[in-house]
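Here is the structure we will look at.
The values are calculated or read from the model by the stated rules, or taken from the named source; none is laboratory data. Here the structure is a predicted model, which is why all the values come from computation and not from measurement. Positions of Cβ are generated from backbone atoms using ideal geometry, with glycine treated the same way; all protein chains shown enter the neighbour counts.
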Amino acid sequence: MALASVRAIARRLAWVAACAALTAGCSSLIGGKAADTLAAAILNQDDPELVASGVPAYLLLVDGLIAQSPDSAPLLSAGAQLFALYGSRFAAPERAVALTAKARRYGERAICLVHDAACNWRGLDYERFVAELERVDDKDIGPLYSYAISWLSHLDATSEDWTAVGELPWVQAVLERALALDESYENGALHGYLGILNSLRPPALGGKPDVARAHFERAIELSGGRDLSIKVEYARRYARLVFDQELHDRLLTDVVDAPAETPLFTLFNVLAKQEAEELLATSKEYF
Amino acid sequence: MGERSGARLARTLTRLTAAALLVLGMAAAHAADIKIATVAPDGSRWMLEMRAGAAEVLAQTDGRVAMKFYPGGVMGSDAQVLRKIRIGQLQGGAFTAGGLGERYGALNLYGTPLLFHSLAEVDAVRAVLDPELAAGLERAGFVTFGFIEGGFANLLANEPIRSVEDMRRKKVWVPEGDPISFLAMEALGLSPAVLPVTDVLTGLQTGLIDIAFASPVAALVLQWHTKVKYITDIPVSYSMGIFAIDKNVFATLAAEDQRIVREVMARHIVALDREARDDNREAAEVLAKAGLQTVTVDAADLASWRNTLEGVWPRLRGRPDFDAAMFDRLLALLAEYRRTHPPATP
């Protein structure tokens, strides 16, 4: 197979909804109950357009707060997640590169503040990088998670670039380390991301569909089935990769039939349901 | 919202196909449903081009020719796909030269180890021989619309490889089903270890092999850059991909439909072939950024490797799957190119 053609692998990195980013972000911004109420209002919103036009105000706010407190790891962490979320999910592709680059810089600064050695991670070869990750302990899982998903969001935004393909194993190693520290972090989101990463490549090119399936199943379990976007990714990535139409259609029908309104998941479930309908419409043609 | 342009493009194309089916395909079932298997993952550039071509073909033939793809290697290896084509379960595939070489041995010739000195030589030879190989493949039962560059493989290892001497006592990977590379390694006095591509990453990790080879793009996609530290920058062998359809199936299409399929698919394949070179150049830069050190081989040493390997050629000529006549054509073209393009003296 002409491997040269597989450049777009990273393009397929989709985005399991990073709902938690909003919660984390807003709490750090305003603190306490007001933040939680605001985050909930966003996450419970069933109009994605409204959110898309509202979130930039918080990006400006978080930028300002970080400028004021440049050494606050929680703020940087929140900034990393908010910019990653907005850049990868709501912004036009041409703006996503810069937005997610900022996300990544915030993510790097956050982990560097809580874990000194991380300040020198950039440019490490794979073996040394993995060894370094072993030294991160569970108290730093928050910044580690922000570091991972902000980096991933940037790879997604720059997936036309071979650098993105080249860096995937590094990001995957971060996610795996975070998973080893706490697999249930953010309702099992880590399993969702690892499900996607392991189903990007077919087995003939080194992909591991069985590993992907296990991650997706566990992600569904840990989210209590509330996060419909995991089922959509499970269908889009895994079921299409292994040509399992029965599984594909069953997962997506589940999503279409499920109510979108689920506390703290409504926004992303609305988006997931739209995607499920689109995928179902092309099922017969694909399989 | 938030979808990357590639995904969006893929979806648009899918929609186009669906719309075309609705508008044009109402009258009758397709005269021809051509099922094509490939290892390329859905959403890859390869698949985007192929699907774009298929959508054009469908529209231009008023729905008479529909291509359906089975991406991601779901139909199995090259050998399995060929078997499925034989029994009519599939009608075409995207193959490696080695995979389709089982049906038409001359396809392996470009991959002869250390044969080409440069991509300029490759271009000069391919400009003349590609049409001849395509014609030969057609006689062997497959219609192709062009070849797609995979590029030169380089040596990848955990210790710098500057000479054959550096490779001794090391386990050198040879792909499964690649007798020519095996003979070449033996000729160099090395101990080859045969493994499928998918086992190389683990092999490098566990020390089952010490040296592998791959194009920069392949090394990145297969993630071998996480397990090796050095890349030896010599054109070990040239690889390509081939998109081909069963000739018997193609022959059932109306002459005008055949012309459309050839014209449209050739155009998309030329695009992929051209992009491959930039891809490998960019991928090589990424390998360097990932910390791989580039090692060069002394020119005199390289010449002696080539001499040794040329010693294997008489044995190759004796093989039933080796097209000696075409090989001589290739050597003559190379000699002519080298005569008219002498290397700049240092």
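Data overview
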read-out: Enumeration of residues in segment B:196-214 that are buried (at least 17 other Cβ atoms within 10 Å of the Cβ), away from every other protein chain (no Cβ under 13 Å) and without any contact (Cβ under 8 Å) to a residue 40 or more places away in the chain; value: B:ILE209
read-out: Members of segment B:260-310 that are of a type in the set (D, E, K, R), within 14 Å of chain A (Cβ to nearest Cβ) and farther than 30 Å from B:GLN60 by Cβ; value: B:ARG281, B:GLU282, B:GLU285, B:LYS289
read-out: Residue check, B:GLU149 buried (at least 16 other Cβ atoms within 10 Å of the Cβ), within 19 Å of the chain's Cα centre (by Cα) and in a helix (DSSP H, G or I); value: no
read-out: Near pairs, Cβ below 7 angstrom, 6+ apart or cross-chain, from segment B:90-117 (in a helix (DSSP H, G or I)) to any residue that is surrounded by fewer than 22 Cβ atoms within 10 Å (Cβ to Cβ) and aromatic (Phe, Trp, Tyr); value: B:GLY105/B:PHE322; B:LEU109/B:PHE327
read-out: Residue under evaluation B:GLY177, criteria (1) outside any helix (DSSP H, G or I); (2) within 14 Å of chain A (Cβ to nearest Cβ); (3) surrounded by 22 or more Cβ atoms within 10 Å (Cβ to Cβ), criterion not met; value: (3)
read-out: Filtered residues of segment A:252-270 (kept if buried (at least 21 other Cβ atoms within 10 Å of the Cβ) and within 14 Å of A:GLU233 (Cα to Cα)); value: A:LEU252, A:VAL255, A:PHE268, A:ASN269
read-out: Test: B:LEU115 is under 25 Å from B:ASN154 (Cα atoms), touching a strand residue (DSSP E or B) at 6+ places or on another chain (Cβ under 9 Å), of a type outside the set (D, E, K, R) and surrounded by fewer than 22 Cβ atoms within 10 Å (Cβ to Cβ); value: no
read-out: Residue match in segment B:156-172 (condition: within 19 Å of the chain's Cα centre (by Cα), outside any helix (DSSP H, G or I) and without any contact (Cβ under 8 Å) to a residue 24 or more places away in the chain); value: no
read-out: Condition broken by A:ARG135, with the remaining ones in (1) at pLDDT below 95; (2) basic (Lys, Arg); (3) more than 20 Å from the chain's Cα centre (by Cα) satisfied; value: (1)
read-out: Qualifying positions in segment A:53-102 - among the charged types (D, E, K, R), at pLDDT below 90 and either surrounded by 17 or more Cβ atoms within 10 Å (Cβ to Cβ) or over 24 Å from A:ASP161 (Cβ atoms) (or both); value: A:ARG89
read-out: Unmet requirement for A:ILE141, which otherwise passes all of (1) surrounded by fewer than 21 Cβ atoms within 10 Å (Cβ to Cβ); (2) more than 16 Å from the chain's Cα centre (by Cα); (3) in contact (Cβ under 8 Å) with a residue 40 or more places away in the chain; value: (2)
read-out: Single condition A:LEU113 does not satisfy, out of (1) within 14 Å of chain B (Cβ to nearest Cβ); (2) at pLDDT 95 or above; value: (1)
read-out: Selected residue (only one of A:TRP170, A:TRP162 is at the interface with another protein chain (Cβ under 9 Å from one of its Cβ atoms) and surrounded by fewer than 24 Cβ atoms within 10 Å (Cβ to Cβ)); value: A:TRP170
read-out: Check on A:ALA189, touching a residue at least 24 places away in the same chain (Cβ under 8 Å), within 13 Å of the chain's Cα centre (by Cα), within 19 Å of A:PRO143 (Cβ to Cβ) and surrounded by 24 or more Cβ atoms within 10 Å (Cβ to Cβ); value: yes
read-out: Meets criteria (out of contact with any helix residue (DSSP H, G or I) (no Cβ under 7 Å at 6 or more places or on another chain) and at pLDDT below 95) for A:GLY225; value: yes
read-out: Answer from A:THR262, A:THR253 - the residue that is among the β-branched types (Val, Ile, Thr), more than 24 Å from B:MET47 (Cβ to Cβ), out of contact with any Gly (no Cβ under 8 Å at 6 or more places or on another chain) and assigned to a loop (DSSP other than H, G, I, E, B); value: A:THR262
